[in-house]
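The values are calculated or read from the model by the stated rules, or taken from the named source; none is laboratory data. The structure displayed is predicted, hence computed values, not measured ones. Here Cβ is always computed from backbone atoms with ideal geometry, including for glycine, and neighbour counts include all displayed protein chains. Heavy atoms of the whole protein, side chains included, go into the accessibility calculation; ligands, DNA and RNA do not. Shrake-Rupley method; radii C 1.70, N 1.55, O 1.52, S 1.80 Å.
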Amino acid sequence: MAKRLFITGGTGYLGGALLRIAAGRYELGASYLSHRPPTSPHIDWTPLDVRDPQAVRAALMRFRPDIVIHTAFVQYGPDLMAITAEGSGHVATATTEIHARLIHMSSDVIFAGERADPYTEDDEPDPISTYGESKAVAEHLVAAANPAAAIVRTSLIYGFDPIDRQTQFVLEIAAGDRPDRLFSDEYRCPIYVDDLATALLELGETDYTGVLHIAGAEQVSRYEMGTLLVQALGHDPAKIGAGLSANLPVRRPRNCTLDIGRARGLLHTRLRGLREVIAELSGRSIA
Ligand SMILES: NC(=O)c1ccc[n+]([C@@H]2O[C@H](COP(=O)([O-])OP(=O)(O)OC[C@H]3O[C@@H](n4cnc5c(N)ncnc54)[C@H](OP(=O)(O)O)[C@@H]3O)[C@@H](O)[C@H]2O)c1
């Protein structure tokens, strides 16, 4: 019998890819908040606000998943801590109660990004943004409520079908519709959404506990990332200007390169770098 997999934030970018890739392999349940999805014979959708611990418990008690992948979050706003941090704690508590495997999504910006070496799973979070702080608190609450959970730190997520928000933003810059510049001194390890979703499903089948870095294999600046993706999609990157994060009055995490050696040793899924993905997909129609 197929295992039961529940995705919080099934209407989100990663949530959508997880549901697409897991289709036919699991009994699927998923939650939404403001974007009510069309009824599906293959996905048991439920409205859920993770700020409400009783609602989280009731949703998971009803679906009875074997595995939960917690992607729901917000990046900004007055409810950042209540949703992104405390909401993750509520999900972790409920998974412990129903003995479900939990994969919790975290982020590379739990690090300050002020050093040259890649960050490993053993490095202590030292966030400098409110979002990074909320994700660091979430990690702490999740580990306390469900010590068997896997806590996955990832980097910028991109994809082509549909195109992710960040790439859409860069396409608008390339079209001359936005004046923004892309930082050439902010480094990340972008991951192709299909690689990330496949790796998370594989991780769900292991009993790995604790923090794991799952990101793309190549470190690139936001400027490099933007120009490479725009070119891959068949557009001219000439209008994309470069800027320096270091010149801003607010500190932003600059080098959040993640060491992915542990994930590579544990998982069969290839965690491809950006140029590798573009080269492999360029034979197909990503443009
Ligand atoms: N995207 C990236 O580049 C990136 C980078 C590093 C880490 N991550 C992590 O990866 C995860 C997924 O990111 P994403 O970009 O795929 O997310 P996303 O597209 O922004 O989707 C967020 C999801 O959370 C749901 N949601 C928001 N508030 C909620 C609440 N109060 N209760 C329940 N659900 C709520 C939304 O539901 P509705 O749409 O129905 O309202 C949506 O399904 C996040 O944990 C994020 O921190 C993402």
In region 25-120, the chymotrypsin sites (Phe, Trp or Tyr not before Pro) that fall in loop regions by DSSP, at most 11 other Cβ within 10 Å:
Y76
How large is ³J(HN,Hα), in whole Hz, for each residue of region 196-202 in order, when computed from phi with the Karplus curve 6.51 cos²θ - 1.76 cosθ + 1.60 and θ = phi - 60°, using x for Gly and Pro?
5, 4, 5, 5, 5, 5, 5
Name the residues whose placed amide hydrogens come within less than 5 Å of the amide hydrogen of L212, ignoring near sequence neighbours (fewer than 5 apart) on the same chain.
I151, V152, R153
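Once you order the gyration tensor axes a ≥ b ≥ c over the Cα atoms, which shape class does region 124-206 get: rounded for a/c under 1.5, otherwise prolate or oblate by comparing a/b with b/c?
Taking the square roots of the gyration eigenvalues as a ≥ b ≥ c, region 124-206 is oblate.
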Hz values of 3J(HN,Hα) by residue in region 13-26 - Karplus curve (6.51, -1.76, 1.60), Gly and Pro given as x
5, 5, x, x, 5, 4, 5, 5, 6, 7, 4, x, 9, 9
Distant-in-sequence amide H partners of L258 (H built 1.01 Å from N, under 5 Å):
Y119, C189
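For the chain, state the average projected area of the convex hull of the C-alpha atoms over all orientations, rounded to one decimal in nm².
15.0
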Rounded to the nearest 20 Debye, what is the dipole magnitude of the chain about its Cα centre when Lys and Arg each give +1 and Asp and Glu each give -1 at the C-beta?
540
For the chain, what is the relative contact order in percent, using Cα pairs closer than 8 Å and at least 6 residues apart in sequence?
18
What is the log10 of I(q)/I(0) for region 194-275, computed with the Debye formula using one identical point scatterer on each Cα and no solvent, at q = 0.12, 0.15, 0.26 Å⁻¹?
-0.51, -0.72, -1.21
Percent of all Cα-Cα pairs per 5 Å bin for region 76-231, counting from 0 up to the last occupied bin, reads 2, 9, 16, 19, 20, 17, 11, 5, 3, 1, 0
Note to self: C-alpha centroids of region 102-123 and region 129-152 sit apart, in Å, by 12
Over the chain, the sum of -39500 (n - 2.57) across DSSP H runs of at least four, divided by residue number and rounded to 500 deg cm²/dmol, gives at 222 nm -10000 deg cm²/dmol
The whole-number value in µm²/s of the Stokes-Einstein translational diffusion coefficient for region 20-162, with Rh from the Kirkwood sum over alpha carbon pairs at 37 °C and 0.692 mPa s, is 204
For region 114-177, build the charge dipole from Cβ charges (+1 Lys, Arg; -1 Asp, Glu) around the Cα centre, then report which of N146, A174, T120 sits farthest towards its positive end.
N146
Could you look at the chain and say what percent of its accessible area is carbon and sulfur, using a 1.4 Å probe and all protein chains?
52
Counting DSSP beta bridges with both ends in the chain, the antiparallel % (nearest 5):
10
Largest-first ordering by accessible area, 1.4 Å probe, given options I21, I173
I21, I173
With every protein chain left in place, what is the accessible area per residue of the chain in square angstrom, probe 1.4 Å?
46
With all protein chains in place and a 1.4 Å probe, Y13 shows an accessible area in Å² (nearest 10) of 60
Residue-wise HN-Hα coupling along region 149-161, computed from phi with Karplus coefficients 6.51, -1.76, 1.60 (Hz; x: Gly, Pro)
5, 9, 10, 9, 8, 10, 10, 4, 9, 10, x, 10, 9
Provide the solvent-accessible area of T39, counting protein heavy atoms only and rolling a 1.4 Å probe, rounded to the nearest 10 Å².
140
What size of dipole, in debye to the nearest 20, comes out for region 141-281 about its Cα centre when the only charges are +1 on Lys and Arg C-beta atoms and -1 on Asp and Glu C-beta atoms?
540
With the contact rule set at Cα under 8 Å and sequence spacing of 6 or more, what percent relative contact order holds for region 86-159?
48
Taking region 51-140, which GluC sites (Glu not before Pro) meet the DSSP loop condition and have no more than 16 other C-beta atoms within 10 Å?
E114, E121
Enter the Cα centre distance for the pair region 230-287 and region 46-87, rounded to the nearest angstrom.
29
If the only charges are +1 at each Lys and Arg Cβ and -1 at each Asp and Glu Cβ, what is the size of the charge dipole of region 22-119 around the Cα centre, to the nearest 20 debye?
300
